[in-house]
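Working notes for the structure below.
Please treat every number below as a calculation from the coordinates, not as lab data. None of these values were measured; they are calculated from a predicted model. All Cβ positions, glycine included, derive from the backbone under ideal geometry; neighbour counts span all protein chains shown.
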Amino acid sequence: MFRILYVNDIHFSGTLEPHYAKTAIMTPRFFAWLKTHATEFDLMIIGGDGVNHGSVRIEELEQLYAMLAETAMPYLIVAGNHDLAPRDGLDPEVEEWENCPLEETNFGQVFGPQSIRHSLMVQGLKLVLFSIRNEDRDGQLAWLEAELADGVPALLFCHYPLATTRSGGFCSTWGYKRLKDIRQPLIDLITSRDDQILAYFCGHHHLNSRVKIGRTEQIVTGSLGLATCCYRILEITPPTIAVSTHLLPDIPNWLDDVMNPDNSTDAEHPTLEAYHWGNEDERNFVIPRTPFTLSTL
């Protein structure tokens, strides 16, 4: 078995003023928990928004890097909108456009080439991670197509939801314009290979969601640093990929800081808790997949 700890939206502030007040409480608890449980996992994947002001405050990224190094845990990370602005014209204090190649951005300088694009084999399954910006001047889509050309069953990891995560409420419309131009090409690529791409893991919406892009599972994971305060565990054991969702221990009043609480229901999620925490089949499930054979890393 290969066990992955998957987290999103830590929103680490370090010594800077927190962007979200609760994260000043949550992130120290997470890193304390991680130091105790790190040996239970083979790899941690951070699916974006590790920090809050990464494109304007490189020291925030550097402090997160140092905290992760202290855990001595193998990890991979991709950029979210708070780490690396996905397009020009957003909030200059939080999402300032960096007019340079991805590798030269603050995020790329701190976390290196593996944070921009990376793939690895795990028991015959390819994990493909990529950071991306709206106009894709960096050629990430072409790189992704090349990585998938071998036809090996794959899990993709990025920050941004592509398919609509909720049928109503704020997540039916919010947050998709950050990738307004590249979103549909990414959807087209996934649907053209939805017999190969078993799942697309992402975050950004701070809730737990599971919908389809063609036949591919789009799996959104809630925020670790606030609101849902949760993480997922992926257990890869041929022929299954089991996904389970867990609330960090000893978290009081986790619903007190969800986004848009007055617009957080839909037909499938009639309560605030269901909308953000997700239904049972969005939290714990086995990913439908085609068989793959055991091989070494």
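Subtracting the Cα-Cα distance from 0.36 nm times the residue separation, let me have the gained length for Gln123 to Ala146 in nm, one decimal. Walk me through the numbers before you get to the answer.
On the way: separation 23, 0.36 × 23 = 8.28 nm, distance 2.05 nm.
This chain segment gains 6.2 nm when fully extended.
Work out the count of Lys pairs in the chain where the Cα-Cα distance is under 29 Å, with the pair 8 or more places apart or on different chains.
Numbers: Lys22/Lys35; Lys22/Lys177; Lys35/Lys126; Lys126/Lys177; Lys126/Lys180; Lys126/Lys212; Lys177/Lys212; Lys180/Lys212.
So the count of such lysine pairs works out to 8.
Would you please state which residues of the range 5-21 a label at Asp250 would reach in this model, taking the label point 7 Å out along Cα→Cβ and a backbone N cut-off of under 16 Å?
none
Find which of Pro153, Thr173, Ile219 sits farthest along the positive direction of the dipole of the chain, computed with +1 on the beta-carbon of Lys and Arg, -1 on that of Asp and Glu, about the Cα centre.
Pro153
Could you work out the helix-only [θ] at 222 nm for the chain, with each DSSP H run of four or more residues adding -39,500 (n - 2.57) and the total divided by the number of residues, to the nearest 500 deg cm²/dmol? Walk me through the numbers before you get to the answer.
Values: 7 runs with 63 residues, N = 297.
That calculation yields -6000 deg cm²/dmol at 222 nm.
Ordered by packing density, taken as the mean number of other Cβ atoms within 10 Å over each peptide's residues, highest first, how do 222-229, 22-29, 156-163, 125-132 rank? List each step's numbers first, then the result.
On the way: 222-229: 27.4, 22-29: 18.8, 156-163: 25.0, 125-132: 22.5.
Packing order, densest peptide first, comes out as 222-229, 156-163, 125-132, 22-29.
Simple spin-label model, 7 Å along Cα-to-Cβ: Lys35 to Ile58 in nm?
Distance between the two pseudo-spin positions: 2.8 nm.
By what distance, in whole Å, do the Cα atoms of the range 209-291 stretch along each of the three principal axes, largest value first?
42, 30, 16
Taking the Cα centre of each part, how many Å lie between the range 139-210 and the range 261-280?
Each part's Cα centre sits 22 Å from the other's.
Report Rg (one decimal) and Dmax (nearest whole number) for the chain, counting Cα atoms only, units Å.
Values for the chain (Cα only, Rg and Dmax): 17.7, 49 Å.
Points 7 angstrom from Cα along the Cβ direction at Lys180 and Leu16: gap in nanometres?
Inter-label distance under the simple model: 2.5 nm.
Could you please state, rounded to a whole Å, how far the C-alpha centre of the range 99-126 is from the C-alpha centre of the range 11-49?
20
Given the options Gly169, Gly80, Gly151, which has the most mean-square fluctuation in a GNM of the chain, springs set between C-alpha atoms less than 10 angstrom apart?
Gly151
From the Cα gyration tensor of the range 1-135, with a ≥ b ≥ c the square roots of its eigenvalues, which class applies: rounded if a/c is under 1.5, or else prolate if a/b is larger than b/c, or else oblate? Please report the intermediate quantities before stating the final value.
On the way: a/c = 2.17, a/b = 1.21, b/c = 1.79.
Oblate, because a/c is 1.5 or more while a/b does not exceed b/c.
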